[in-house]
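Notes to accompany the following structure.
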Amino acid sequence: MNGVLVIDKPQGWTSHDVVAWVRKRLRIRRVGHGGALDPNATGVLPIYLGEATKLVPFNLEGTKEYIATMKLGQETDTLDADGKITAEKKGFSCTAQKVEEVLGQFRGKIRQKPPLYSAIKQKGIPLYRRARSGETPEVAEREAMVHVLSLREFSFPLATLEVTCGRGTYVRTLCADIGRALGCGAHLAGLRRTRSGKFTLEAAMTPEEFSRLAEQEKIAEKIIAPGEAVDLAGKIHLAGEAADRVR
């Protein structure tokens with residue numbers, strides 16, 4: 001069984017949970033995902049099966065689209081709603097117009113620090129493990145690309161953003177940085193990925209839909225063939241060793 005399934009990851013599941021679940025239901029060993037989502041995030045998670053797992057690096061290079069809800073006035077240690085509140089500003093006001101003005105600072109190439117509570121490794125140890133043990137390691141800024149950043153809804157203190165970004169962009173950090181620029185602080189209150197590369201929610205299955213099709217032995221109808229998956233990930237020109245890796 002080779003190809004790609006697109007899962008609409010539910011809240012509370014890790015990306016690894018989805019991989020393990022698919023592996024068990026389909027009884028195949030080679031399964032991988034095309035870009036992790038935090039446990040409380042939902043949405044598009046491409047799942048690669050069999051020989052198609054060789055295509056994962058190419059999906060990681062694709063752009064991602066998100067609907068992100070940001071809560072103004074509170075900062076947390078994890079930069080999202082799971083963390084402890086580290087700063088809170090009361091009695092302030094903010095308008096949609098002010099948010100719109102600040103968003104312009106975060107379009108295009110930007111610099112951001114990955115969250116301490118992330119899977120990035122330092123000296124072989126994930127940052128989140130060091131943070132949970134009480135350490136505060138210094139994290140270097142990285143360049144990120146934000147193609148689209150717009151205000152979708154505003155109902156103080158919540159602002160809902162549409163974000164299209166490149167690989168390695170942390171939406172948690174983006175929201176925290178926007179909050180600082182507004183002078184009130186903020187954290188990511190909710191996140192839904194609507195596109196990964198060109199894999200969209202329209203092509204995604206919920207776990208319930210997956211289970212139903214698997215029981216009916218119709219899951220093959222939803223598997224995107226490796227060749228089509230390459231097209232969906234964008235035009236890729238390979239030569240030499242890179243071509244050999246996907247053969």
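No value in this document is a laboratory result; all are computed from the given coordinates. Computed from a predicted model, the values in this text were never measured in an experiment. A quick note on method: Cβ atoms are made from the backbone with ideal geometry, for glycine too, and the neighbour counts reach across all protein chains shown.
Positive-end ranking of PRO157, THR136, PRO126 along the dipole of segment 88-159, with charges on Cβ about the Cα centre, is headed by PRO126. Distant-in-sequence amide contacts of VAL6, defined by a placed amide H-H separation under 5 Å and a gap of 5 or more residues or a different chain, comprise ILE47, MET205.
Treat every Asp and Glu Cβ in segment 137-202 as -1 and every Lys and Arg Cβ as +1, leave all other atoms uncharged, and give the resulting dipole magnitude about the Cα centre to the nearest 20 debye. Please list the in-between numbers first.
Numbers: 9 positive and 7 negative charges, 50 e Å.
It works out to roughly 240 debye.
Note down the magnitude of the dipole of segment 64-221 about its Cα centre, charges +1 on Lys and Arg C-beta and -1 on Asp and Glu C-beta and zero elsewhere, to the nearest 20 debye.
Details: 26 positive and 21 negative charges, 118 e Å.
I would put it at about 560 debye.
Give the residue from GLN74, HIS187, VAL146 lying farthest towards the positive end of the charge dipole for segment 64-196; charges sit on Cβ (+1 for Lys and Arg, -1 for Asp and Glu) and the dipole is referred to the Cα centre. Positive-end residue among those listed: VAL146. Each residue of segment 87-94 was assigned a 3J(HN,Hα) from its phi angle through the Karplus expression (A = 6.51, B = -1.76, C = 1.60, θ = phi - 60°), giving 7, 9, 10, 10, x, 9, 10, 8 Hz with x at Gly and Pro. Only Cα sites of segment 64-196 enter the Debye sum here, all with the same form factor; the resulting log10 I(q)/I(0) across q = 0.09, 0.13, 0.18, 0.19 1/Å is -0.25, -0.52, -0.99, -1.10, listed in q order.
Sort 150-156, 2-8, 130-136 by packing, meaning the average of other beta carbons within 10 Å per residue, with the highest value first.
Top to bottom by mean Cβ count within 10 Å: 2-8, 150-156, 130-136.
With neighbour counts taken as other beta-carbon atoms within 10 Å, the residues CYS94, CYS175 rank, fewest first, as CYS94, CYS175.
What is the fewest-to-most order of LEU191, LEU158 by other Cβ atoms lying within 10 Å of their Cβ? Walk me through the numbers before you get to the answer.
On the way: LEU191 24, LEU158 14.
Fewest to most other Cβ atoms nearby, the residues stand as LEU158, LEU191.
Rounded to the nearest whole Hz, the Karplus-based 3J(HN,Hα) values (6.51 cos²θ - 1.76 cosθ + 1.60, θ = phi - 60°) of segment 118-131 follow the sequence 8, 8, 4, 9, 10, 6, x, 10, x, 4, 5, 5, 5, 5, with x at glycine and proline.
Would you kindly give the portion of the calculated P(r) for segment 161-216 that falls above 18 Å, as a percent of all Cα pairs? Mind showing how you got there, number by number?
Numbers: 816 of 1540 pairs.
Distances greater than 18 Å cover 53 percent of the Cα pairs.
Per-residue extension of 0.36 nm, minus the Cα-Cα distance of LYS89 and ALA214, leaves a gain of 40.0 nm for this segment. Could you compute the FRET efficiency for ARG132 and LYS98, with r as their C-beta to C-beta distance and R0 at 35 Å, rounded to 0.05? Here the calculated transfer efficiency is 0.50.
Close amide H contacts of GLY190 (hydrogens built in the peptide plane, cut-off under 5 Å, sequence separation of 5 or more or a different chain): THR69.
Among LYS9/LYS222; LYS71/LYS98; LYS71/LYS123; LYS54/LYS123, which pairs are too far apart, with a Cα-Cα distance over 23 Å? Write out the running numbers ahead of the final one.
Working: LYS9/LYS222 16 Å; LYS71/LYS98 15 Å; LYS71/LYS123 33 Å; LYS54/LYS123 26 Å.
The answer is LYS71/LYS123; LYS54/LYS123.
In percent, rounded to a whole number, the relative contact order of the chain is 29, using alpha-carbon pairs under 8 Å and six or more apart. Relative to one another, the C-alpha centroids of segment 12-48 and segment 53-110 are positioned 24 Å apart.
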